[in-house]
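Comments concern the structure below.
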Amino acid sequence: MKNEKKIRCNECKKIFKKKLYGPITELNTKKKFNIYYCSFCKFYKTHKVPKKLDLFYPNTYRNFKGLKELVLKFLYLLNFVRLNFNKGDVKKIYEIGCGPCFFLDQFNQKGWKCTGVERNKQYIKKLSKYNKKINFITIDKFMKTKKKIEGKILMWHSLEHIEKPHKFLNYLSKISKINTELMFAVPNINSYQLKLFGKYWIHLDPPRHINHFNIKTLKIFLEKKSFKVIKNQNFFPALDFMGFVGSITCYLNTKGLKMPVTVINSKGLFDMIFSIVFTTAIGIVYIPFFFYGIISKSNSSIFLKAKKVK
Ligand SMILES: [Zn+2]
């Protein structure tokens, strides 16, 4: 870092001392980003965070259709059951970064009062059209709520997208009543997949992913904001396999080889046959990594549940 000019964290403004990876090219815009360790924030950060982040969220982002939508709905349902999401005395749920509402639909069916929070006004309009029983608000509006909230707050792979996570969590802490549950899933920067794929690891995903955590850094972060961690889970085989396949796709795409790597993305019969053969081959290669991830507790996702304590 000696020869580089002083580069600062987008939130705390302290100078970064350690670079983890970079430059990493964002495939749509060809812009380059680096990942640094912020010794003040105590987690990894993407640099430089663009002023207009919306430009990096194409219309296809989290817009799932057909077979892909069905598969994902099923996987979300499995996690809903497995992680006991329906358990709780106060049946109120706020999901920050709710996307196409795969979780909120489940909560809604079980009679929970649901609020979905998203960044884009147009997207909220679209969501409101199809989900009449769910209340939607923009993140800007949510950040101005004065009313205390209770029940559950869910952030499923969305904390890594927040521009100023300290400010955001301070705010969540301020408006949460005691015993409010905060549930996070984020990519694990200590994953074996990062060591294996390096800058091609799909979950680095700059600049959409601004913050990068491991279990330890996330725990410290939450506890500083008066949330006590009560459960952590690192075993998400479907997400782990998707990360594995996605990183190989990312590598091939960067090298200019556009392949229909996954069955659910394929178009036409030839594509589909090719994808099945290719995904099966990746699946076989993946088996030892699957077990390694379990034994070393370094799967690609972390889930933490915390409770507001004071
Ligand atoms: Zn910082």
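The values are calculated or read from the model by the stated rules, or taken from the named source; none is laboratory data. Values in this document were obtained by computation on a predicted structure and should not be read as measured data. For neighbour counting, all protein chains shown are included, and Cβ atoms are generated from backbone atoms with ideal geometry for every residue, glycine included.
Structure values in brief
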read-out	value
Check on G97, in contact with a His (Cβ under 8 Å, 6 or more places away or on another chain) and within 17 Å of M183 (Cα to Cα)	yes
Residue match in segment 58-66 (condition: modelled with pLDDT of 85 or more and more than 13 Å from the ligand (Cβ to nearest atom))	no
Some residue of segment 23-42 being β-branched (V, I, T), within 14 Å of the ligand (Cβ to nearest atom) and surrounded by fewer than 18 Cβ atoms within 10 Å (Cβ to Cβ)	no
Residue list for segment 138-164, filter: more than 26 Å from G88 (Cα to Cα) and of a type outside the set (D, E, K, R)	H161, I162
Test: F107 is of a type in the set (A, V, I, L, M, F, W, C), in the same structural domain as H203 (by TED's automatic domain parsing) and crowded, with 20+ Cβ neighbours inside 10 Å	yes
Enumeration of residues in segment 225-250 that are in contact with a His (Cβ under 9 Å, 6 or more places away or on another chain) and under 17 Å from D205 (Cα atoms)	L239, G243, G246, S247
Residue check, E69 within 30 Å of K132 (Cβ to Cβ), part of a strand (DSSP E or B) and more than 16 Å from the ligand (Cβ to nearest atom)	no
Some residue of segment 112-131 being touching a Lys or Arg at 6+ places or on another chain (Cβ under 7 Å), assigned by TED's automatic domain parsing to the domain that holds I175, surrounded by fewer than 18 Cβ atoms within 10 Å (Cβ to Cβ) and at pLDDT 95 or above	yes
Hey, L83 closer than 25 Å to P207 by Cα and not assigned by TED's automatic domain parsing to the domain that holds T25 or not	no
Residue in segment 245-258 that is closer than 20 Å to Y76 by Cα and modelled with pLDDT of 85 or more present	yes
Some residue of segment 146-159 being within 16 Å of the ligand (Cβ to nearest atom) and either basic (K, R) or touching a residue at least 12 places away in the same chain (Cβ under 8 Å) (or both)	yes
Any chance F85 is more than 30 Å from M272 (Cβ to Cβ) and part of a loop (DSSP other than H, G, I, E, B)	yes
